[in-house]
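Working notes, beginning with the structure itself.
Rule-based calculations on the coordinates, nothing more; no lab input. The structure displayed is predicted, hence computed values, not measured ones. All Cβ positions, even for glycine, are placed from backbone atoms using ideal geometry, and neighbour counts span all protein chains on display.
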Amino acid sequence: MNDHPTKLPKAAIQSRILHGKRALVIGIANEQSIAYGCARVFRELGADLAVTYLNEKARPYVEPLAKELGAPIFVPCDVAQSGQLEAVFQQIRETWGSLDIALHSIAFAPKEDLQGRLLDSSGEGSRWRWTSPATPSSAWRDSPSP
Ligand SMILES: NC(=O)c1ccc[n+]([C@@H]2O[C@H](COP(=O)([O-])OP(=O)(O)OC[C@H]3O[C@@H](n4cnc5c(N)ncnc54)[C@H](O)[C@@H]3O)[C@@H](O)[C@H]2O)c1
């Protein structure tokens, strides 16, 4: 783990309450990502992790973190690309058989929409904000839950 320990109570860490559980974490971009904080806590509590990275540009930033977390599954996943989430679940099926925990902390907005008011967002920005194309429900429904 990195130099900034999570603030979990000692008793929680000792409980290893997630020992034997398998957790998928989508949304790590760097050490500041909420998903990274969640992944570290899952790991400290004993879970095994599958970590994804957005694309080849993101990979060099995420890979060292996935290694530090000891993630046996490290695969690309852009949920806006058809089939990529399904491919992640397929990999999990082949490696683990089933999945206990899935967490995503995906955030995206077109660059121009980061400058103005929420109400002035473009159509594309609103589509991302309100309809969450990033989480196709059919893919989640077909995930390898136990
Ligand atoms: N960091 C904070 O302190 C904080 C506080 C409150 C709320 N939030 C909100 O929480 C959310 C996450 O914040 P964060 O700081 O972790 O951001 P982040 O930029 O670290 O993480 C967002 C992640 O979404 C991923 N992503 C974007 N498009 C994707 C796609 N198509 N497929 C798969 N992954 C995709 C990015 O690769 C990135 O890893 C944001 O909505 C943010 O506004 C953050």
Exercise for the section: Pull up all non-local amide H partners of Ala102: gap of 5 or more, or a different chain, and H-to-H distance under 5 Å with H placed in the peptide plane. Expected result: Leu24
Practice task
Can you check how the C-alpha radius of gyration of the chain compares to 2.2 N^0.38 Å, as a plain ratio?
Solution key: 1.12
Fill in the blank from the handout: Final fewest-first order of Phe74, Phe42 on the 10 Å Cβ neighbour count is Phe74, Phe42
Problem - Reachable lysines from Lys111, criterion Cα separation under 20 angstrom, eight or more residues apart if same chain - result: Lys57
Problem - Kirkwood Rh and Cα Rg combined as Rg/Rh, region 2-46 - result: 0.97
Practice task
Counting only C-alpha contacts under 8 Å and six or more residues apart, can you give the relative contact order of the chain as a whole percent?
Solution key: 23
Problem - GluC sites (Glu not before Pro) within region 1-81, DSSP loop, no more than 13 other Cβ atoms inside 10 Å - result: Glu56
Exercise for the section: Order by neighbour count: Lys67, Lys7, fewest other Cβ atoms within 10 Å first, most last. Expected result: Lys7, Lys67
Completion exercise
Exposure-ranked with fewest Cβ neighbours within 10 Å first, His19, His104 stand as His19, His104
Practice task
Per DSSP H run of at least 4 residues, take -39500 (n - 2.57); add these up for the chain, divide by its residues and hand me the 222 nm value, nearest 500 deg cm²/dmol.
Solution key: -10000 deg cm²/dmol
